[in-house]
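Working notes, structure below.
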Amino acid sequence: MTPRAILFDMDGTLIDSDPVHAAVFIEFLGARGLDITEADYTRRIHGRLNREIFAELLPNHDADEMDAGKEAAFRERVTAEFPMVKGARAYLETLSALPLAVVTNACRANLDTVLERLSLGGHFRHRVSSDEVVHGKPAPDLYLRALDLLGVRADEAVAFEDSASGVASARAADLRVIGVATSLTPEALLDLGAIHAIRDFTDPTLSDHIAIPEGATL
């Protein structure tokens, strides 16, 4: 396909942040008497909204307060050297002719911190975070808002996602999804509804599924 716009999830899709998020959750929950493992993180936490996670795992604590504390701890670890998914920066640079949006379940403070400290902000026409909608992923609200801001229809765009909730969100907005297999297998992403799955942005099969028009504008 030749898209008129491309939408990217952030955590696990553009940046290799899952190990950091897992470490922060393990430390944060451990300090409050709840021991979890990396496997627990993948099974029970990955891709979900923090408020839902804390309401379930720490029902006697203020979920909003826990959310703010955990994400502040994550932002402290974001530096200019924070790892990106292999090939992501170079791929973004090839898309300069297309309008892009980053669409994330993360809060706006996290989104802005990552984009600015990694010098990625200039690539995106729009930033859409969980603060701006009533329902985060897996609901379609975030992607519907991004499509509205970009001024394109779902069938004119494609989304990159790495999580079950992210693929579900994009598919619910009628977007075609390319899965990024940083935490799930390519087979799992295809089973969830992705039209294709890549290991990272150096995957040579990516160009078989997305053609980038030269000088594209809206």
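Is it the case, given these coordinates, that N105 is within 15 Å of the chain's Cα centre (by Cα) and either within 27 Å of R4 (Cβ to Cβ) or of a type in the set (K, R) (or both)?
yes
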In the set L98, L111, the lone residue that is buried (at least 17 other Cβ atoms within 10 Å of the Cβ), touching a residue at least 60 places away in the same chain (Cβ under 8 Å) and not in a helix (DSSP H, G or I) is L98
Notebook entry, point to check: Would a scan of segment 67-78 turn up a residue that is under 30 Å from I210 (Cβ atoms), of a type in the set (D, E, K, R) and modelled with pLDDT of 90 or more?
Noted result: no
Does segment 61-73 contain any residue that is over 20 Å from S130 (Cα atoms), touching a residue at least 24 places away in the same chain (Cβ under 8 Å), surrounded by fewer than 17 Cβ atoms within 10 Å (Cβ to Cβ) and out of contact with any Leu (no Cβ under 7 Å at 6 or more places or on another chain)? yes
Condition set over 15 Å from the mean Cα position of the chain (by Cα) and under 28 Å from I198 (Cβ atoms), scope segment 43-55, selection surrounded by the most Cβ atoms within 10 Å (Cβ to Cβ): answer is I53
Y143 vs (1) crowded, with 18+ Cβ neighbours inside 10 Å; (2) outside any helix (DSSP H, G or I): all pass except (2)
Cβ pairs under 6 Å, 6+ apart or interchain, first in segment 10-36 and over 28 Å from D203 (Cα atoms) and open to solvent by 10 Å² or more (accessible area, probe 1.4 Å), second part of a helix (DSSP H, G or I) and not hydrophobic (A, V, I, L, M, F, W, C), ordered by first then second residue, are F28/K70
Only one of S169, S183 is buried (at least 18 other Cβ atoms within 10 Å of the Cβ), of a type in the set (S, T, Y) and at pLDDT 95 or above, namely S169
When restricted to L58, L92, the only residue touching a Lys or Arg at 6+ places or on another chain (Cβ under 7 Å) and open to solvent by less than 20 Å² (accessible area, probe 1.4 Å) is L58
Across (1) over 16 Å from V167 (Cβ atoms); (2) in contact with a strand residue (DSSP E or B) (Cβ under 9 Å, 6 or more places away or on another chain); (3) of a type in the set (F, W, Y), F8 clears everything bar (1)
Scanning segment 79-101 residue by residue, the ones that are modelled with pLDDT of 95 or more and of a type in the set (S, T, Y) total 1
Across segment 114-135, the tally of residues that are open to solvent by less than 10 Å² (accessible area, probe 1.4 Å), in contact (Cβ under 8 Å) with a residue 60 or more places away in the chain and under 18 Å from N50 (Cβ atoms) stands at 1
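The values are calculated or read from the model by the stated rules, or taken from the named source; none is laboratory data. Here the structure is a predicted model, which means the values were calculated and not measured. Cβ coordinates were reconstructed from backbone atoms using ideal geometry, including for glycine residues, and neighbour counts include every protein chain displayed. SASA here: full protein model, heavy atoms, side chains in, ligands and nucleic acids out. Shrake-Rupley method; radii C 1.70, N 1.55, O 1.52, S 1.80 Å.
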